[in-house]
Structures are given as C-alpha cells and as structure tokens.
1. So is Ala112 among the small types (Gly, Ala, Ser) and within 9 Å of the ligand (Cβ to nearest atom) or not?
2. What are the residues in the stretch 158-177 that are closer than 20 Å to Glu191 by Cα, not in a strand (DSSP E or B) and not hydrophobic (A, V, I, L, M, F, W, C), if any?
3. Go through the stretch 115-141 and report how many residues are near the ligand (Cβ under 7 Å from one of its atoms) and either farther than 21 Å from Asp86 by Cβ or of a type in the set (S, T, N, Q) (or both).
4. Which one of Thr62, Thr122, Thr142, Thr104 is within 13 Å of Val155 (Cβ to Cβ) and β-branched (Val, Ile, Thr)?
5. Identify, by number, the condition in (1) more than 9 Å from the ligand (Cβ to nearest atom); (2) in a helix (DSSP H, G or I) that Val155 doesn't meet.
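No lab work stands behind these numbers, since they all come straight from the coordinates. Everything quoted here is computed from the prediction, not taken from an experiment. Positions of Cβ are generated from backbone atoms using ideal geometry, with glycine treated the same way; all protein chains shown enter the neighbour counts.
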Amino acid sequence: MTEDTAMREGIEHDAEVERELSWRAKSIGLAAVDMDDAELLHSWRSDPVTAYEIGAWPRSLTAMRERIERDSADDDRDDFLVLLPDRTPIGHTALSGQNIVNGTAQVELMLAPQHRGHGHGTDALDALVDLAFGELPMHRLTAETHTDNAPALAVLARSGFVREGTSRAACLHRGRRHDLAVFSLLRPEWETLNRPRAWDA
Ligand SMILES: CC(C)(COP(=O)(O)OP(=O)(O)OC[C@H]1O[C@@H](n2cnc3c(N)ncnc32)[C@H](O)[C@@H]1OP(=O)(O)O)[C@@H](O)C(=O)NCCC(=O)NCCS
C-alpha cells in the first residue's frame, strides 16, 4: 500500500463514523455533506484530471472548507456523499442551481477513481434523480460533461438523460479547447423509466 493510499483510506475511515443517510437506494446511499468531509472531498478533487472532468480547478483545503460552509447555507443546492452499504464514502453528488419556481436544477457527480467502473455512478445518478422528481417538485434536470468523457456520457444515457446539444469550445484542458455535451431529463421522461425507484429498494 502506498503512503497516498494509506492516507486516503485513513481519511475514508474517519469519514465513515456514524453517518446518517439522507436518501437510500438499491446499492448506495446519500448522506448530506458535512464540514468533516472537507479533507475527503479535497483529496478527491486535487487531481487535475478529475478537476477537468468536473470542471472545477483544485483549490486549497481552506477554500474547500469555506465552500462547504457556503454551500450548506445555500438553499439552491443539496450536496451529498455517495456511500456504499458498509458506509464507505465513494464519491460526491449534488443537485445544484435549484429553481423551485421553474422546477429546474443541475446534477453533478464524481466518484473517487478507485470506485469507478462498478456501476456505482449509474446507481448514484438514479438515486439523485429519484430524489429530485420523487421528493422535490423538479420538472427539468440538466447535466454537462465533456464530449469525450465516455463513462459520464454512458451514465447519463443509462439514467435516461437526453442529449440536447453541444456547447462548443466551452472549456480549456491541456492547452486545447474542448466541447461540452448538454443533457436534460424531464419529469414525464423519468415517469416512463422502467426501473425500480430508490424508495422501492
Ligand atoms: C462519470 C462517473 C461518475 C461514472 O461512474 P462509474 O461508476 O465509473 O460508471 P459505471 O460503472 O456506472 O459505468 C457506466 C458506463 O460507462 C462505461 N464506461 C466506464 N468507463 C468507461 C471508459 N473508460 N470508456 C468507455 N466507457 C466506459 C461502462 O461500461 C458503463 O457502460 P454501460 O452501462 O453501457 O455498461 C465516473 O467515471 C467519474 O466520477 N468520473 C469523473 C467525474 C465526472 O466525469 N463526472 C461527470 C460529470 S457529469
């Protein structure tokens, strides 16, 4: 085990203690992000490739703590850690930019690299979508990802999101401009999805 891995697992272990789930689904749970999660989120987001994938450049731990404090006071977003059934935290997801009048919000999702490729991404997004349509009066959810982000494109499609178009040259990575794919999922489309809802788990 490398020092990095040991440190990450130590952080994960600390973050596991007595965490209450805000939302349960089939294979994952969602727990509201707390100030104690700053180190964990910071460790996940410090990698420049992950920063590119989620569109947020790594910042200091202090900035992360301030961000969590600000976001928790913000009525227009809900931030969650994604947890395995044994309460291991594996990623972050959020419903941001919530506009209750229009029923619109954006979805955000990031898994720690070692937890990708096991289907957790789709399960986490399905859980967030069920929360947005099943508990909140949302009508339209949107998501953006790079047009070359194959896992994210696959997860969004599996969760029922429809590609609306492309924001051309919308971001910079490794000296080159990249396009963003824009997706949405509407309530009537969610209603026709043939899968159990989070609350059926
Ligand atoms: C996007 C992300 C959440 C996906 O989570 P995940 O748990 O790895 O995804 P899943 O295991 O559910 O896989 C979903 C699909 O992607 C496919 N996939 C995974 N890695 C892939 C790759 N490198 N190339 C092509 N397809 C890939 C899987 O085969 C699966 O497809 P299928 O459902 O048709 O079999 C995760 O990769 C991640 O956190 N990436 C960094 C942050 C990010 O890009 N966020 C998205 C912004 S919207």
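1. Numbers: among the small types (Gly, Ala, Ser): yes; within 9 Å of the ligand (Cβ to nearest atom): yes.
Considered against the rule, which asks whether it is among the small types (Gly, Ala, Ser) and within 9 Å of the ligand (Cβ to nearest atom), Ala112 comes out as yes.
2. Passing the criteria: Arg158, Ser159, Gly160.
3. 1
4. Numbers: Thr62 fails: within 13 Å of Val155 (Cβ to Cβ); Thr142 fails: within 13 Å of Val155 (Cβ to Cβ); Thr104 fails: within 13 Å of Val155 (Cβ to Cβ).
Sole residue among the options that is within 13 Å of Val155 (Cβ to Cβ) and β-branched (Val, Ile, Thr): Thr122.
5. The failed condition is (1).
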